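Contents: one structure, followed by commentary.
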């Protein structure tokens, strides 16, 4: 079937709400940073979904069903069997296309605009071999601000037939990242705020960033006025400056729990850089291993 755009507008979605091939997934999850140092709090967006969502949407539980609950690290991608089983129950499969949205990136931080929970689920789908995916630009906050229809009626789709094959090129582990530190053909992007990058704030137990990493804050890619991504010229300028759009380079993105990192991966894909992998463990895993280097330089 026809490929949907990687990012779609609220107008586009409203015009396609009655499409029988659409699978609309609400990936809302909540993250709240402490004041100063310390790990963040994270919880499911299911209650928020029940209070109001885009008509037809079903809730996709990133915090629970779509993460490995046996892992010591939050949001670890689950086994393929678990993911395929749960995503099929949401109706995703052959003959469908997916639009994902969320209700915002960080609790009580309206200046941080990014649909990174939506991009996390979109990345997981791509990793498992389903590519016909769009992210709602501006997410639910923009949809609601524009006065578009909201409902408390739960959505429902028939079970999907998921047949895609896993794409291992989209995923890296800590060993891959360690090897990439001195690889001049790999760009490592830290997606966190500058205060995390420089070690001013210690969120993960050890301050700083992975050596060789360059900082592009994930919240700097969208226009606060429109709540949408900046135009491609502005986005290209940000990533060209660090060489991340070079087709001969590989890009690895990371953050705290591989959420914001997927926002970068999707935007880079949009700009034409296809050789992008996400470090799924990110700093939550990296900082807990004293043998792995961090720097504040």
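No lab work stands behind these numbers, since they all come straight from the coordinates. No experiment lies behind these values; they were computed from the predicted model shown. No Cβ is skipped: glycine too gets one built from the backbone with ideal geometry, and neighbour counts run over all protein chains shown.
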So what's the angle, to the nearest 10 degrees on a 0 to 90 scale, between helix 116-127 and the longest Cα principal axis of the chain? 90 degrees
Kirkwood Rh over alpha-carbon pairs of the chain plugged into Stokes-Einstein at 37 °C, 0.692 mPa s gives a D in µm²/s of 171 µm²/s
Using 0.36 nm times the number of residues separating residue 289 and residue 50, minus their current alpha carbon distance, what extension gain do you get? 82.1 nm
DSSP beta bridges in the range 1-137 [antiparallel fraction, %, rounded to 5]: 25 percent
Quick check: pseudo-label points 7 Å beyond the Cα along Cα→Cβ at residue 11 and residue 150, how many nm apart are they? 2.3 nm
Treating every alpha carbon of the range 162-297 as one equal point scatterer without solvent, the Debye formula yields log10 I(q)/I(0) values at q = 0.20 Å⁻¹ of -1.19
Taking 0.36 nm per residue of sequence separation and subtracting the Cα-Cα distance, how much length would be gained by fully extending the chain between residue 215 and residue 271, in nm to one decimal? 18.3 nm
Which angle from 0 to 90°, rounded to the nearest 10, does the C-alpha axis of helix 80-89 make with the longest principal axis of the chain? 30 degrees
Taking only the Cα atoms of the range 7-145, how large is their convex hull per residue, in Å³? 111 Å³
Computed FRET efficiency, Cβ-Cβ of residue 19 and residue 107, R0 41 Å: what is it to the nearest 0.05? 0.80
Under the helix-only model (-39500 (n - 2.57) for each DSSP H run of 4 or more, divided by the residues of the chain), the mean residue ellipticity at 222 nm, to 500 deg cm²/dmol, is -7000 deg cm²/dmol
Could you work out the percent of alpha carbon pairs in the range 69-207 separated by over 25 Å, rounded to a whole number? 44 percent
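Once you keep just the Cα pairs under 8 angstrom separated by 6 or more residues, what percentage relative contact order results for the range 168-286?
Answer for the range 168-286 is 32 percent.
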Which whole-angstrom value gives the distance between the alpha carbon centres of the range 174-193 and the range 44-123? 26 Å
Alpha carbon centroid spacing (whole Å) that separates the range 232-285 from the range 3-29: 23 Å
For the pair residue 94/residue 2, report the inter-label distance in nm, with labels modelled 7 Å from Cα in the Cβ direction. 2.3 nm
Between residue 233 and residue 182, what is 0.36 nm times their sequence separation minus the Cα-Cα distance? Round to one decimal in nm. 15.4 nm
What spacing in nm lies between the two simple spin-label points modelled at residue 198 and residue 246, each 7 Å away from Cα in the Cβ direction? 2.7 nm
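What percent antiparallel are the DSSP beta bridges of the chain, to the nearest 5?
25 percent
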Compute the angle between helix 260-270 and the longest alpha-carbon principal axis of the chain, please, reported from 0 to 90 degrees and rounded to the nearest 10. 70 degrees
